[in-house]
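Worksheet: the structure to be examined is printed underneath.
Readers should treat all values here as calculations from the given coordinates under stated rules, not as data from a laboratory. These numbers come from a predicted model, not from an experiment. When we count neighbours, we look across all protein chains shown, and the Cβ atoms used for this are built from the backbone with ideal geometry, even at glycine.
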Ligand SMILES: [Zn+2]
C-alpha cells in the first residue's frame, strides 16, 4: 500500500473502535503500526479492519493481531482450500442462523469435519497479546448441531 492508504488504515484504527484510550492517538505508536503495515496489501488489510471492527469494536487490535489476521486473509486469497466435504460443500464453513429477539443473526461456524475448515478457525481469546484479546470466536459446526444428524435428516438447525 502507499502512504495515503496506510494513513487511511491508521484513521480506521483510530475511528472504528470505542475505547477510552486509543493507543493510536500517540504518534510513536502510530509509527509502529505504519511500519508494520506499509509493505502489506491495502485491500486485504482494509478487509481485516472491517472484520475486526464488526467482531469486537471495544478493543483496538494489536500489531500482532493485525498481522495474524492479515496472514489468514492473504492465505485465503492465495490458495483457498476446498475439499469434497459433504457437510460444508467443501467451503470450510457454514452460516448458522439464530433468532434473537425476533431478529435473525447469522453466525459463521467452521467445518470441523474437513481440512477446509481450518482456515476459518478463530479464537480471539487466544490472541498472544493479552491486552487485546477479544471474545470473538468462530466455533466448529459440531458445537451447534450434530453434522451427521443434519446431513441424514435434512433437519433444521436450531
Ligand atoms: Zn467441511
Using a basic spin-label model with each label point 7 Å from the Cα along Cα→Cβ, how many nm lie between residue 100 and residue 139?
1.1 nm
How many nm separate the modelled label positions at residue 35 and residue 121, each set 7 Å beyond the Cα in the direction of the Cβ?
3.2 nm
Per the helix-only model, the chain has a calculated mean residue ellipticity at 222 nm (DSSP H runs of ≥4, -39500 (n - 2.57) each, divided over all residues, rounded to the nearest 500) of -12000 deg cm²/dmol
If only Cα atoms are counted, what is the Rg of region 3-77, and what is its Dmax, in Å?
11.4, 35
What angle do you read, to the nearest 10 degrees and between 0 and 90, between the alpha-carbon axis of helix 3-15 and the longest principal axis of the chain?
70 degrees
Taking the reciprocal of mean 1/r across every pair of different Cα atoms in region 93-153, the Kirkwood radius in Å is 13.0 Å
Sequence of 57, 39 once ranked by neighbouring C-beta atoms within 10 Å, starting from the fewest
39, 57
Stokes-Einstein D in µm²/s, Kirkwood radius over Cα pairs - the chain at 20 °C with 1.002 mPa s viscosity
124 µm²/s
Here the gain from full extension of residue 54 to residue 18, 0.36 nm per residue of separation minus their alpha-carbon distance, amounts to 11.8 nm
Ranked by GNM mean-square fluctuation in the chain (Cα springs under 10 Å), the top entry among 103, 17, 93 is 103
So what is the relative contact order of the chain, in percent, for Cα pairs below 8 Å that sit 6 or more residues apart?
17 percent
